[in-house]
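Here is the structure we will look at, set down as structure tokens.
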Amino acid sequence: MLYRIWHLIVKEFLGLVKDQRSRFVLIGPPLIQLMIFGYAATYDLTDIPYAVYDEDGGQAVREMLAKFRGSRSFTEVFRIDHARQIAPLIDQRRVLVVLHFGPDFSRRVGRGRTGKLQVLIDGRNSNTAQIALGYIRTIVSEFNLTRLEQPPPAYLENRAWFNENLQSRWFIVPGIVALLTIVVTMVTTTLTIAREREQGTFDQLLVTPLTPFEILVGKTVPPFVIGLAEGTLILAAAVYWFQVPFRGELWLLYAGLTLYLLSAIGVGLMISSVAVTQQQGLLGAFLFIVPAVILSGFATPIENMPEIVQAMTRLNPMRYFLVIVRSAFLADPPFELLWPQLWPMAVIAIFTSTAAAWLFRHRLY
């Protein structure tokens, strides 16, 4: 049996290597997406363009603006002379923020009273606007502390665990491991049986001494090996290229990756067993991948979703692996903390593989 399965595995690898579309899917898109997500997908804001409408011109305004110029997050691009200039700058997206200092700002601050600073923000992207407003509040708070003649009664000192510098890249890049691995594995798996049917070689495969179980095993091993290799490549890029620290246990991460791949392969075999053509297989794969990514917590927290949607995410293997890979990179969690994420993927892998075997036999007979 092992001899027959081995030759089927070799046949599958040769089919993937010789097929130009398969080679492109395995090599091109993962590398391109890794670079795009690694550099472009970030929650950090740098070089926020802002304009200044200064009707005061006093010392307090100069001190406040000096703090904005000293921040790496802001870049002054315009000085405004009249209120009519504000709307065109924001409408045309030439600035994200306008700082408006009233004519009595410095006088009020000098007398120990509250100086009013109007902040106008382009709110079309609410997430960006909220982040920029948070940066502005921090600068204003620092300005207030420097004007106090005595220390404040309470002082807030922040300390972030696991991601000390609050770099969003440390959060996003480990998630790319889960994202790209499931894409490559699902696409490779869904094309296996569908390609045989489309090329007319599936009937030839059935007249061989191979049993349906042996055929399924032979179709499972190549996507698993490819997914493991892709995951390892992306992990290495995250550590050595993007400089994301890895603090966990490598064996725990690969245990989660193994169960994650088996879950994805089970779903892919289910789709491949039903699909007649490769186009149907690819469509089925992406119909699964897109909701899986949205419901995984990759970009938005699962806790913010409606309760019924949160319940649906429990059927998504990517939800569990994201917790494992991000924790392994930043937190060094023990096995006891990751076990609740491991066993659901094992259940999903067993169920999907059994369902794929039943569908495969059903289509045969």
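The values are calculated or read from the model by the stated rules, or taken from the named source; none is laboratory data. From a predicted model like this one, the values you see are computed outputs, not experimental measurements. In this analysis, Cβ positions are derived from the backbone assuming ideal geometry, glycine residues included, and neighbour counts consider all displayed protein chains. These accessible areas exclude ligands, DNA and RNA; they are computed on the full protein's heavy atoms, side chains included. Shrake-Rupley method; radii C 1.70, N 1.55, O 1.52, S 1.80 Å.
Say whether the condition of being open to solvent by 50 Å² or more (accessible area, probe 1.4 Å), touching a residue at least 12 places away in the same chain (Cβ under 8 Å), closer than 26 Å to LEU148 by Cα and within 31 Å of the chain's Cα centre (by Cα) is met by at least one residue in segment 83-104.
No: zero hits.
Quick check on ARG111: is it exposed (fewer than 11 other Cβ atoms within 10 Å of the Cβ) and closer than 28 Å to ASN125 by Cβ?
When the stated conditions are applied, ARG111 does not pass them.
Take the residues in segment 118-130 that are out of contact with any Gly (no Cβ under 8 Å at 6 or more places or on another chain) and closer than 20 Å to MET64 by Cβ; name whichever of them is surrounded by the fewest Cβ atoms within 10 Å (Cβ to Cβ).
Among residues in segment 118-130 that are out of contact with any Gly (no Cβ under 8 Å at 6 or more places or on another chain) and closer than 20 Å to MET64 by Cβ, the one surrounded by the fewest Cβ atoms within 10 Å (Cβ to Cβ) is VAL119.
Scan segment 161-176 for residues that are part of a helix (DSSP H, G or I) and out of contact with any Gly (no Cβ under 6 Å at 6 or more places or on another chain) and report the count.
8
Tell me, which residue of segment 284-306 that is open to solvent by less than 40 Å² (accessible area, probe 1.4 Å) and part of a helix (DSSP H, G or I) is farthest from PRO174 (Cα to Cα)?
GLY284
Does at least one position in segment 62-70 carry a residue that is within 30 Å of PHE242 (Cβ to Cβ), of a type in the set (A, V, I, L, M, F, W, C), surrounded by 18 or more Cβ atoms within 10 Å (Cβ to Cβ) and modelled with pLDDT under 90?
Taking every residue of segment 62-70 in turn, none turns out to be within 30 Å of PHE242 (Cβ to Cβ), of a type in the set (A, V, I, L, M, F, W, C), surrounded by 18 or more Cβ atoms within 10 Å (Cβ to Cβ) and modelled with pLDDT under 90.
Just to be sure, is SER272 open to solvent by less than 10 Å² (accessible area, probe 1.4 Å) and either over 28 Å from ARG197 (Cβ atoms) or not charged (D, E, K, R) (or both)?
The answer is yes for SER272.
I'm trying to understand the selection: among the residues of segment 240-253, which are under 19 Å from the mean Cα position of the chain (by Cα), open to solvent by 40 Å² or more (accessible area, probe 1.4 Å) and on the phi < 0 side of the Ramachandran plot?
Once the filter is applied, which keeps residues that are under 19 Å from the mean Cα position of the chain (by Cα), open to solvent by 40 Å² or more (accessible area, probe 1.4 Å) and on the phi < 0 side of the Ramachandran plot, segment 240-253 yields TYR240, TRP241, PHE246.
Each row is one residue, and each column tells you yes or no for (1) modelled with pLDDT of 90 or more; (2) open to solvent by 30 Å² or more (accessible area, probe 1.4 Å); (3) outside any helix (DSSP H, G or I).
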{"site": "LEU322", "(1), (2), (3)": "yes, no, no"}
{"site": "TRP339", "(1), (2), (3)": "yes, yes, no"}
{"site": "LEU342", "(1), (2), (3)": "yes, no, no"}
{"site": "ILE348", "(1), (2), (3)": "yes, no, no"}
{"site": "ALA356", "(1), (2), (3)": "no, no, no"}
